[in-house]
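Just so you know, all these numbers are worked out from the coordinates, no wet-lab data involved. Treat the numbers as computed from the prediction; the structure is a model and nothing was measured. Reconstructed Cβ throughout: ideal geometry from the backbone, glycine too, with neighbour counts over all protein chains shown.
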Amino acid sequence: MLNIVLFGPPGSGKGTQSELIVKKYGLLHLSTGDLLRKHRGEGTDLGKLAQEYMDQGNLVPDAVVIKMVEDRIATESTAKGFIFDGFPRTVNQAQALDQMLLKYDLTITAMLSLEVEFSELRIRLRERGKTSGRKDDQDDAKIENRIKVYNQETTPVATYYEHQQKYVRIKGVGSIESIFQFITHELDALK
Ligand code: B4P
């Protein structure tokens, strides 16, 4: 069983590559960004709380995101495996994920880290902002804040998985297909 964390800075292609991974390996896609946007769209209390954080490019508080993921895993505990996209984003979340998987006798198999230079991320996010309708993609200051938050709060998550010898570096620049090939090479070796 594969349980994969897909890691990387904002705009590194986590959502893009997750779709391809789901198609090939039949894993359940759990994207905290998508779940939060769904709550926001439905106007739930959680969505209202998350909105302000997301629009500014800040992280939604750990307790909120952890509870949301816990609920989702509980309803999908018979899945063939999970791909966690955009989660964990803090060491607190990474520890909580290990604890919640333990309840089902599961562990993270590997953390794939998409490595992309910040200059390229800025270009991608601005480009997506033209069509996505996402406020966090449409404003340079918010994009810069997301990169800052990533550097300060999320990069320690890489060290967390490095200590568990689960950290796998993936070059995230090039065509979407070529990056997917690097990923399948790694995942096929883990199966
Ligand atoms: P996310 O939805 O996770 O958004 P993201 O990091 O911007 O997207 P991703 O890396 O998936 O990029 P994509 O593939 O789309 O988070 C949004 C917000 O939600 C966060 O800022 C935060 O507020 C909140 N949140 C989410 N999870 C949280 C958590 N765990 N804790 C707290 N808060 C949380 O790719 C981007 C663009 O690049 C696309 O337009 C794509 O077409 C393009 N692209 C992809 N691959 C490419 C390639 N190889 N070459 C060229 N372009 C490429």
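Expressed in nm to one decimal, what extension gain is obtained for the pair LYS80 and LYS135 from 0.36 nm per residue of sequence separation less their Cα-Cα distance?
Once the chain is fully extended between LYS80 and LYS135, it gains 16.4 nm.
Return the subset of LYS148/LYS191; LYS23/LYS171; LYS23/LYS148; LYS24/LYS80 for which the Cα-Cα distance in this structure is over 23 Å, preserving the input order.
Over 23 Å apart, Cα to Cα: LYS148/LYS191; LYS23/LYS148.
Percent relative contact order of the chain, based on C-alpha pairs within less than 8 angstrom and at least six residues apart?
33 percent.
Using r as the Cβ-Cβ distance of ILE123 and VAL91, and R0 as 25 Å, what FRET efficiency do you calculate, to the nearest 0.05?
Approximately 0.30, to the nearest 0.05.
Suppose R0 equals 35 Å. What FRET efficiency, 1/(1 + (r/R0)^6) with r the Cβ-Cβ distance, do LEU102 and THR184 give to the nearest 0.05?
0.80
I'd like the distance separating the alpha-carbon centroids of segment 59-96 and segment 1-45, in whole Å.
Measuring centre to centre over Cα atoms gives 11 Å.
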